[in-house]
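Read the structure below first, then the notes.
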Amino acid sequence: MSNRESQKSETKLNLIGRVFATEKHPSTPDTFHFWTELDTPVGIGTIVQVVVPQPPKRNFKHRQASEWHIYGIVVEAEGYTDLVSALYDFVGADQSPQQADLAPTVRPEMRAYKAAVLRMEPEEPMQPVPIGPVYLADDRAVLLSLRMDDYVAKGRGIPVGVYVKGGMNSPVYLDADFLLGPEAAHLNITGISGLATKTSLVEFLLQSIFTHYYPNDPQKGVAAVFFNVKGPDLLFLDLPPAESGRLTEEELEIYDSLGIKPEPFANVTYYAPHKPDGYNLNTLRTNPELLHNVYPLQWGLREIFEYTEVLLNRDDVDAKADALLALIEEKVIRDPDMKYTAGIKVSNFARLEEWFTQILEEMQDKNQKEWHSHHIATIYKVKNRLLNITNRCKGLVGNNDFTSDLPWGKFQKNHIYVVDVANLEPLAQDLVFTRIVSKIREQLEHNSLGVERVIIFVDELNKYAGSDTGDTYLKRTLLDISERGRYLGEVLFSAQQFRSQVHKRIVGNCATGLFGRMDMDELATPGYSNLSSAVKTKLATLPKGELMVRHPHFTQPVFLKFPRPAVMRGQDGRLLYPPSEDVDFATAMVRRLQKLDTKLPPAKLKDAIADIDTETLLTKVNQLEQERPSDILSALKSKLKSIPRTTVNPTNRTGQKTVKVAPLFQPAEEDDY
């Protein structure tokens, strides 16, 4: 390239300094040093580029490059003057700081920076960085330095934020094939609680994925399952921000530059178990205005039997009990065999109790100690453990046949399914995590879920997959996702405060790592030893809305800025839509029936269900929710027509119920008499 062409190229870029190499600070193929003036906008995390004429002998075969571009990111910074010792400056100022600025000669001062090489173009042969001018990176240089040009051009770019160093506002993209699979997958977020905005980052990134992941291809669908484990964090994703959380002009500009609409999520469905009473939902999203997309999560015997390992104490259940459990699942529940069922169709826990009673009574009548080679003591043990599940998971696991579950086989593209487990006991949480994750994997394997990929978000990984929490079923499930999920389309998004205290293989299998503000004690652990001290200091002081990104295409971590998600914060939602107080059984049933038909007057519904036994009415309402007839009120009356009515004697302070016997003759509804 001629000198004229070189000068023309330089005028297009912002010249800020020059590469230097000394015996103490030599240039290498992966690092170089450069100096700048004092007023340049360069700091830790700034991307720069070195542009020099391409040496002719670096061109070989059919390559005819005219320039050699080296892209780097600043990782260390130093300042220099011509002082050999601080004593000289002390003497020169007459030993007084007030006199220092009055010196007739101003000492020259410069900034020296160390940069880690991000990319060379051409890349071969790989040689030390040459001496040459250093420029600030522009949008094109940011795209090339992070190796984003190829996958962005192919439509696989997922915006994660903007690079803002040096006055830039350049979009930065993740590769969908390495974020969602199949090349690599999974994302992990680390940062101090409250300051790293981990939940906000996941919500923003999910909106970006929904917008940019093959938007016009219905076969390339992504859905998300969020487990809400902390209060109201994820319970208002379908609502716009409150007044106090409105987006700033700067954030709106970032949304515009990334091609994302600043809107709440359009398609969100919430699931929560009941409280132990069996009819009030165990969630903070119970405000009557928000119940239209909130559904109960309730399972029965068939749904949870294969996950009994999660619920039973493995130290208490030995190999003999395991064998009996396997027999019950195979011969009594899944594929009933008359030799084992004792004439009872075991479809729920109530029928299972009948079956155990029948088997044990027959053994006692015949004075038998074994049943199909299983000792009576083992049968008693298994009976006690199994029938206790409905008490230990009350509100989640029911005695009857009613189930309310996620829409298996009908997952929709760009839809979020939030499962609220924040108020559940740890045992019930383990069951919910394990069954839902396993069911997703099972349907993805058979290509029957309804979407190609599912993002599973689990917060508080220190609690659920900590390196010191022992071997749990949930930890094994999360480990299995991280190791095999990318092949199936099951993608794990996880977050925690202390990455160093999470199972190494789980975080190690996450191809993308995002880091918010970090604790210095965490940064002192071996996992961060490859970061310079300056980068660690920056991580420890990151403001909200900034993060450091590691991604397979990025040879060095990069600092970015991202906007807050355009959704209502959990605490704002709790104030604006306070959860309703627990209601009585009749009111709860009326609300559930009104969800099926919002035009139904509450008074007519209360009259229709008056004096119906609690268990019976609950069963009938469950049936209506599953059947969804066109005329809810008529169907309800039809189901309750022949049911005996019960009432509580007001003078009976013990609350014992008396039964109204149905008349022998039941008049027709239209009969005036």
Legend entry - 0 to 90° range, to nearest 10: angle between helix 585-596 axis and the chain longest Cα axis: 60 degrees
Legend entry - Residues of type aspartates and glutamates that K410 reaches as a straight line, Cα spacing below 18 Å, ignoring anything fewer than 8 places off in the same chain: D217, E303, E442, E445, E452, E490, E625, E627
Legend entry - Per-pair calculated FRET efficiency, R0 = 25 Å: E23 and S529 via Cβ, rounded to 0.05: 0.45
Inset, instruction - Report the paramagnetic label zone for F60: residues of the range 101-133 whose backbone N is under 13 Å from a point 7 Å from Cα along the Cα-to-Cβ axis. - result: 123-127
Legend entry - Accessible area (Å², per residue) of the range 475-557, counting only protein heavy atoms and a probe of 1.4 Å: 41 Å²
Legend entry - Computed magnitude of the charge dipole of the range 126-206 (debye, nearest 20; Cβ of K, R +1, Cβ of D, E -1): 160 debye
Inset, instruction - Please tell me the relative contact order of the range 480-552 in percent, rounded to the nearest whole number, where contacts are Cα pairs under 8 Å and at least six residues apart. - result: 35 percent
Inset, instruction - Give me the distance between the Cα centres of the range 279-293 and the range 310-339, rounded to whole Å. - result: 36 Å
Legend entry - Shape call, the range 388-507: gyration tensor on alpha carbons, a/c limit 1.5: oblate
Inset, instruction - Calculate the spin-label point distance for R484 paired with T248, positioning each point 7 Å from the Cα along the beta-carbon direction, and give it in nanometres. - result: 4.7 nm
Inset, instruction - Considering only DSSP beta bridges where both residues belong to the range 391-550, give the percentage that are antiparallel (nearest 5). - result: 45 percent
Inset, instruction - Over the range 301-343, with every protein chain in place, what whole percent of the accessible area is carbon and sulfur at 1.4 Å, could you tell me? - result: 44 percent
Inset, instruction - Collect residues whose amide H, placed 1.01 Å from N in the peptide plane, falls under 5 Å from the amide H of I189; neighbours closer than 5 in sequence don't count. - result: S494, A495, Q496, L514
Inset, instruction - Go through L396, T378, M363 and say which Cα lies farthest out towards the positive end of the charge dipole of the range 353-396; charges sit on Cβ, +1 for Lys and Arg, -1 for Asp and Glu. - result: L396
Inset, instruction - Run the quick spin-label model on E627 and A323: label points 7 Å from Cα toward the beta carbon, then report their separation in nm to one decimal. - result: 4.6 nm
Inset, instruction - Return the long-range amide H neighbours of H69 (sequence gap of 5 or more, or a different chain), with a cut-off of under 5 Å between placed amide H atoms. - result: E121
Inset, instruction - State the extension gain, in nm to one decimal, for the chain segment bounded by F585 and E330, taking 0.36 nm per residue of separation less the distance between their alpha-carbons. - result: 88.1 nm
Inset, instruction - Please turn the phi angles of the range 206-212 into ³J(HN,Hα) values with the Karplus equation 6.51 cos²θ - 1.76 cosθ + 1.60 (θ = phi - 60°), one per residue in order, whole Hz, x for glycine and proline. - result: 5, 4, 5, 5, 4, 7, 10
Legend entry - 19 Å Cα-Cα threshold exceeded, pairs from K198/K275; K320/K383; K275/K637: K198/K275; K275/K637
Legend entry - For the range 60-123: accessible area per residue (Å², 1.4 Å): 68 Å²
Inset, instruction - Show which lysines lie in cross-link reach of K475 when reach means a straight Cα distance below 17 angstrom and same-chain residues fewer than eight apart are skipped. - result: K439, K463, K504
Legend entry - Student exercise, the chain dipole from Lys, Arg, Asp, Glu Cβ charges, in Debye to nearest 20: 700 debye
Inset, instruction - If a/c stays under 1.5 just call it rounded; otherwise compare a/b with b/c (prolate if a/b is bigger, oblate if not). Do that for the range 114-187, with a ≥ b ≥ c from the square roots of the Cα gyration tensor eigenvalues. - result: oblate
Legend entry - Share of carbon and sulfur in the accessible heavy-atom surface of the range 433-574 [1.4 Å probe, %]: 46 percent
Inset, instruction - Report, by chain and number, residues whose modeled amide H sits under 5 Å from the one on N228, excluding near sequence neighbours (fewer than 5 apart, same chain). - result: V419, D420, V421
Legend entry - Point-to-point label distance, E263-S96, nm (Cα→Cβ direction, 7 Å offset): 7.0 nm
Inset, instruction - Give the distance, in whole Å, between the Cα centre of the range 480-527 and the Cα centre of the range 201-230. - result: 19 Å
Inset, instruction - Determine ³J(HN,Hα), in whole Hz, for all residues of the range 409-425 in sequence, where each value follows from phi through the Karplus function 6.51 cos²θ - 1.76 cosθ + 1.60 and θ = phi - 60°; x replaces Gly and Pro. - result: x, 10, 4, 10, 5, 6, 10, 10, 10, 9, 10, 8, 10, 4, 9, 8, 5
Inset, instruction - Write down the percent of antiparallel bridges among all DSSP beta bridges whose residues are both part of the chain, to the nearest 5. - result: 65 percent
Inset, instruction - Just order 107-120, 202-215 by mean Cβ neighbour count inside 10 Å, highest at the front, would you? - result: 202-215, 107-120
Legend entry - Helix 614-627 axis, angle to the chain major axis (alpha carbon atoms, nearest 10°): 60 degrees
Legend entry - lysines whose Cα lies under 27 Å from that of K24, excluding same-chain neighbours fewer than 8 positions away: K114, K536, K538
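The values are calculated or read from the model by the stated rules, or taken from the named source; none is laboratory data. Note that the coordinates shown come from a computational prediction; the quantities given were computed from them, not determined experimentally. Neighbour counts run over all protein chains shown; Cβ positions are idealised from the backbone, glycine included. The area values use the complete protein model at the heavy-atom level, side chains included, leaving out ligands, DNA and RNA. Shrake-Rupley method; radii C 1.70, N 1.55, O 1.52, S 1.80 Å.
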